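Working notes, structure below.
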Amino acid sequence: MTFQELAHARYSVRSFQDTPIEEETMKLILEAGRVAPTACNNQPQKIYVATSEEARRKLASVCRCTFDAPVILVVCYDRTRDWKNKLQPGYESGETDAAIVCTHMMLQAFELGVGSCWVGYFNAQAVSEILGLPENVTVSALLPMGYPGENAKPLPLHSQFRDFEDTISVI
């Protein structure tokens, strides 16, 4: 599959099989996130892999979009490691870096037959508290993942895109 085919085919999976993700497959997914580009290569990402019933239940208690996935990646960044832009006070790269890491893992997962769904509909402080995360770590996204369920399919909006000219301007 070419990258363009992969990018067009990948969709947000919201229904998963109970089948666990094999350790080697999970390592490949996590490696894709580990090597993702980050500002100044500071690598502020911190990924928590929730596989236990207890951890997934805790996450489901503060986020209704975990979809009973067998694995939930809690994608975070360490504010002591992210890049601070001296030319733009207040800009820190952590959120952007975490988004890039998330994207790499979602694309790698899909290539390996593992579905995922980028979730931002949660209270980050609540997630941090229930998991007991360090104060310097900010939760950016949840990434429920697993093998797509029998009824998993893209939502109707999946293949609707704005016109090229509406999103791209050559200057």
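Only one entry of Ala36, Ala99, Ala7 meets the criterion of being assigned to a loop (DSSP other than H, G, I, E, B) and touching a residue at least 12 places away in the same chain (Cβ under 8 Å), and that entry is Ala36. Among the residues of the stretch 52-80, the ones that are outside any helix (DSSP H, G or I), more than 22 Å from Glu150 (Cβ to Cβ) and not charged (D, E, K, R) come to 8 in all.
Can you spot a residue in the stretch 128-138 that is hydrophobic (A, V, I, L, M, F, W, C), in a helix (DSSP H, G or I), over 26 Å from Phe3 (Cβ atoms) and in contact (Cβ under 8 Å) with a residue 40 or more places away in the chain? Let's see the steps before the verdict.
Our first condition is that a residue be hydrophobic (A, V, I, L, M, F, W, C); within the stretch 128-138, this holds for 130-131, 133, 137.
Filter once more, so that each one left must be in a helix (DSSP H, G or I): 130-131.
Those still in the list that are over 26 Å from Phe3 (Cβ atoms) too: 130-131.
Within this subset, residues satisfying the condition of being in contact (Cβ under 8 Å) with a residue 40 or more places away in the chain are 130-131.
For the stretch 128-138, residues hydrophobic (A, V, I, L, M, F, W, C), in a helix (DSSP H, G or I), over 26 Å from Phe3 (Cβ atoms) and in contact (Cβ under 8 Å) with a residue 40 or more places away in the chain: present.
Is it true that Arg79 is in contact with an Asp or Glu (Cβ under 8 Å, 6 or more places away or on another chain), surrounded by fewer than 16 Cβ atoms within 10 Å (Cβ to Cβ) and closer than 17 Å to Ala141 by Cβ? When the stated conditions are applied, Arg79 passes them.
When residues in the stretch 83-136 are screened for being crowded, with 20+ Cβ neighbours inside 10 Å and among the charged types (D, E, K, R), 1 of them pass.
Read the figures in this text as sums done on the coordinates, not as results from a lab. Keep in mind it's a predicted model, so treat the numbers as computed, not measured. Neighbour counts are summed over all protein chains in view; Cβ atoms, including those assigned to glycine, are modelled from backbone coordinates with ideal geometry.
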